[in-house]
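No value in this document is a laboratory result; all are computed from the given coordinates. Note that the coordinates shown come from a computational prediction; the quantities given were computed from them, not determined experimentally. For neighbour counting, all protein chains shown are included, and Cβ atoms are generated from backbone atoms with ideal geometry for every residue, glycine included.
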Amino acid sequence: MQESVATEVRFRLDGDAARDSDVLLELRRVDLDVAGEPVARGLGFRIRRGNIAVLLGPSGCGKTTTLRTIAGFHPVSQGEVELAGQVVSTPDSMVAPEKRRLGMVFQDNALFPHLTVRENIAFGLHGRPPNEQRRRVTDLLCMINLPDIGDRFPHELSGGQQQRVALARAMAPRPSLILMDEPFSSLDVELRERLGTEVHDILKAEGITAVMVTHDQREAFAMADHVGVMRDGQIVQWDTPYNLYHEPVDRFVAEFVGQGRFVRATLLDHETLDTEVGVIKGNRSYGWAKGTPVDVLLRPDDVQPDPEASLRATVVKKAFTGAETVYTLALANGTRILSLFPSHHNHEPGEEVGIRIDAQHLVAFPHDSNTVESG
Amino acid sequence: MPEPVLPARITRDSDASIIRCEGDWSLEHLRRGLARLGRRDQRRQWTLDVSSIRRLDTAGAMLLLELQDQLPGKPAFDGLQARHAALLKLVEEHREPEPPPRPVRYGPLASLGKATMDVLAQTVAFLAFLGEFASDALPRLLRPFGVRWKQVVGEVQQAGVHALPILGLLSFLTGVVIAYQGGTPLEQYGANILIVDLLTITMLREMAPLMTAIIVAGRTGSAYAAQIGTMRITEETDALRTLGIGPLEILALPKLLALLIAMPLLTMFADVLGILGGMVVAHTMFDVSFTDFLNRMPEAIAPSSFWVGIIKAPVFAAIIVAVSCHHGFAVQGSTEAVGKATTRSVVQSIFLVIVADAAFSVIFNLLGL
């Protein structure tokens, strides 16, 4: 089942209209092992020049190993990696990382502590004329919006600044590809998203191709043109963030990407579902037979407040995020759903509220008794 | 009024084959080894009576399940109260499927074999590193403009100039000790002047190069291993590679060149200070004046003695750099590994230096030097 999904993804990508010269990086049926244990199987994807791709997955899914393989630190057990038209990794041979002309941003920035910011950024420019080096470093410092920190040492900078300097250092020699290994994971949540957007803009402005690895879905969505969701060493879905959110291929992707809860439903006809929150006619058709029990994914933004509605639910928990509040609501039969209310709808736990389901585009999977929460 | 404490207890009724669990099976009232049964008990059929358990929490439930696992045939819980049943079921569903396997204990012979194989593997790894280093360094040395001389100078400063005070002091004291210890028996024969021969030959041929190597291994070799090891942990070595710079080129080669330059010079410095120390003792204790001492010196030693000492220095330098860089680059995982690598690099470089020194003695003897 897993296997077939990955293969399907691959074929869809192969069928892509990308001309070969547009493709910067391609992995073909790559297997990876660490210390004899399989870490990834049958990985295949292509990244075009100028695109930003993100590998998203829970820890231990093999995404970092995949990134290190692209960088040339890790050998492939099967398959091959092609970078800029050159096969760089096969089971028998491997181009060294220092010969691959790529930049990498590490989880803990890996700046050289005894060098100033300028010297750090200029490190990869060794051997070029001093004038050119100086100009490039100044340009990069402006680009990362920190023009005045050139003479400071890494430990004098904040975590976000350090990570931006690390990006500048990786970009300095104008690599064809930048790899980022959970670059924002040591930063706090707000900074993470802001920096994600900022880095996205910098990469786009420079037209740099990038592959990032993260377990944080918001970070991934802030950065990516395409996201590959990985689980147990395989790519489950390779798609745009919009499609991942709205068309997850399976339950795992649906739950991993974005918030949401499943409610039980029965198929009335190919477009209509009889759910725990009422009968919903969607705008897509389902392939299962009439009467099939299914689980329907309700995203928080599918559930809206409506004081007049006959559908009532009890507030269990609220999480105030500013403009909106995410409420955990319990239906009469105990099923819990999430709901996004504008912040002026203020309710306390225990209160009963009226809700309306505002969703046409419902994702459903065959019923699985293990995953529906009913508590 | 607080409830009286009723610690968790197990009583065995061997005649009726009943194990009774009683009391509060909650975290604070459990004790270690409570549910551990003897081998003999594990072979019998028991009834597991849990009806008198007063309180149960997840820790207690875990322990109960463990107890049940040890009993043959996994007897059901007898008299389980309804209020405990739900918790027990929940814990049973969510506990780790199998306890982690106990680490295998090796017998003495197996341990010896394992240790031997480890040593062999380490040797192979060291040789592999040497090969990699050599194949990286030799082409670079043929194009000397590409070598990072600025780094080399910095390393000479660190490893050479900064080592002068400590090396000077220790060599001086070594000279003092040799002159003092050697002078006493010589004085009995009235051959005081032979202190000069004794001292110069020992210092120049053996002590000065060896002292230098030991100090450099302890001071500089350990620093090399720690520096490179730390860079491995912080992924700085990986960062170097993605910037198109080989870590050997920038970390190992300048260190090798620096020690190749610094160690012969340090050895000469140790020669001078050691002889100076001996001279002071000879003058004050054994009536050999400075003038006599210096006049005697050219007669006492052939110039070859001096060169024999100096020629060892670059070899020792290469050993120290190779061993410490090898251990530095072999660091993986945690910061703890850095400490281990540092210790190992010092011990192994001193070991190899002394082995090499012994080899030199044999070779020089054969060559008649």
Two-decimal Rg/Rh of region B:10-163 from alpha-carbon positions, Kirkwood Rh? 1.44
Using Cα atoms only, what is the angle between the long axis of helix A:2-14 and the major principal axis of chain A, expressed in degrees (0 to 90) to the nearest 10? 60
Considering Cα pairs under 8 angstrom that are at least six residues apart, work out the relative contact order of chain B and quote it in whole percent. 17
Based on the Cβ-Cβ distance of A:Asp232 and B:Ala359, what FRET efficiency does E = 1/(1 + (r/R0)^6) give at R0 = 56 Å, to the nearest 0.05? 0.55
Helix A:130-143: angle to the longest alpha-carbon principal axis of chain A, degrees 0 to 90, nearest 10? 20
What is the angle, in °, between the Cα long axis of helix A:189-206 and the longest principal axis of the Cα atoms in chain A? Nearest 10 is fine, range 0 to 90. 60
Per-residue Cβ contact counts at 10 Å, fewest first, order B:Asp136, A:Asp151, B:Asp24 as A:Asp151, B:Asp136, B:Asp24
Within chain B, longest stretch clear of exposed trypsin sites (Lys or Arg not before Pro) (DSSP loop, no more than 15 other Cβ within 10 Å): B:106-369
Which value, in debye to the nearest 20, gives the size of the charge dipole of region B:117-367 about its Cα centre, when Lys and Arg are +1 and Asp and Glu are -1 at the Cβ? 560
Against the rule of thumb 2.2 N^0.38 Å, how large the Cα Rg of region A:274-346 comes out: 1.25
Rounded D (µm²/s) - region B:177-243, Kirkwood Rh over Cα pairs, Stokes-Einstein at 20 °C, 1.002 mPa s: 139
Among A:Asp188, A:Asp216, A:Asp274, which one shows the biggest mean-square fluctuation in a GNM of chain A, springs joining Cα atoms closer than 10 Å? A:Asp188
Based on the alpha-carbon gyration tensor of region A:122-213 and its eigenvalue square roots a ≥ b ≥ c, which shape applies: rounded if a/c is under 1.5, prolate if not and a/b is larger than b/c, or oblate? oblate
Note: B:Leu366 to B:Ser135 extended length (0.36 nm per residue) minus current alpha-carbon separation gives 80.0 nm
Stretch B:Ser14-B:Ser52 to full length: gain in nm at 0.36 nm per residue minus the Cα-Cα span? 11.9 nm
Partner chain Cβ atoms within 10 Å, averaged over the residues of A:174-180 - can you pull that number for me? 1
Ascending count of other beta-carbon atoms within 10 Å, so fewest first, for B:Glu93, B:Glu187, A:Glu276: B:Glu93, B:Glu187, A:Glu276
Would you mind checking region B:240-270 for residues with the amide N under 20 Å from a putative spin-label position 7 Å along Cα→C-beta of B:Leu164? B:258-270
Convex hull volume of the Cα atoms in region A:90-138, per residue, in Å³? 116
Report P(r) for chain B: all Cα-Cα distances, bin width 10 Å, range 0 to the bin holding the largest distance, values in whole percent. 5, 17, 18, 12, 11, 10, 10, 10, 6, 2, 0
Could you size up the charge dipole of the protein assembly as shown around its Cα centre, putting +1 on the beta carbon of Lys and Arg and -1 on that of Asp and Glu, and report it in debye to the nearest 20? 1280
Tell me, how many Å apart are the Cα centres for region B:208-268 and for region B:4-40? 61
Towards the positive end of the charge dipole of chain A, with charges on Cβ (+1 Lys, Arg; -1 Asp, Glu), say which of A:Ala205, A:Gly334, A:Gly350 has the farthest Cα. A:Ala205
Proximal lysines to B:Lys114, defined as alpha-carbon separation beneath 27 angstrom and excluding residues fewer than eight positions away on the same chain: B:Lys340
State the dimensionless ratio Rg/Rh of chain A (Rg: radius of gyration of Cα atoms; Rh: Kirkwood radius). 1.04
Given the Cα atoms of region B:164-210, and with Rh set as the inverse mean 1/r over their pairs in the Kirkwood sense, what is Rg to Rh to two decimals? 1.04
In nm, what is the difference between 0.36 nm times the number of residues separating A:Arg101 and A:Asn243 and their Cα-Cα distance? 47.9 nm
Distance (nanometres) between label positions extended 7 Å along Cα→Cβ at B:Arg95 and A:Phe320: 4.3
With unit charges on the beta carbons (Lys and Arg positive, Asp and Glu negative) and the dipole taken about the Cα centre of the protein assembly as shown, which residue among B:Val161, A:Gly282, A:Pro129 sits farthest to the positive side? B:Val161
Just to be sure I understand: of the beta bridges DSSP finds with both ends in chain A, what percent are antiparallel, rounded to 5? 75
With a Förster distance of 45 angstrom and the Cβ-Cβ distance between B:Ala85 and A:Leu268, calculated FRET efficiency to the nearest 0.05 equals 0.70
Please report the relative contact order for chain A, taking Cα pairs under 8 Å with a sequence separation of at least 6, and give it as a percent rounded to a whole number. 15
In chain B, what percentage of the DSSP-assigned beta bridges are antiparallel, given to the nearest 5? 35
Ellipsoid semi-axes in whole angstrom, largest first, where each is sqrt(5λ) of the Cα gyration tensor of region B:210-315: 43, 15, 8
Computed over the protein assembly as shown, Cα set: Rg, Dmax in Å: 36.3, 120
Magnitude of the charge dipole, chain A, Cβ model with Lys/Arg +1 and Asp/Glu -1, debye to 20: 1000
Of the GluC sites (Glu not before Pro) in region A:285-375, those whose Cβ has at most 10 other Cβ within 10 Å and which sit in DSSP loop: A:Glu308
Calculate, for B:Ala59 and B:Arg39, the FRET efficiency according to 1/(1 + (r/R0)^6) with r their C-beta to C-beta distance and R0 35 Å; round to the nearest 0.05. 0.85
Along the positive direction of the dipole of chain B (beta-carbon charges: Lys, Arg +1; Asp, Glu -1; about the Cα centre), which of B:Val353, B:Tyr180, B:Gly339 reaches farthest? B:Gly339
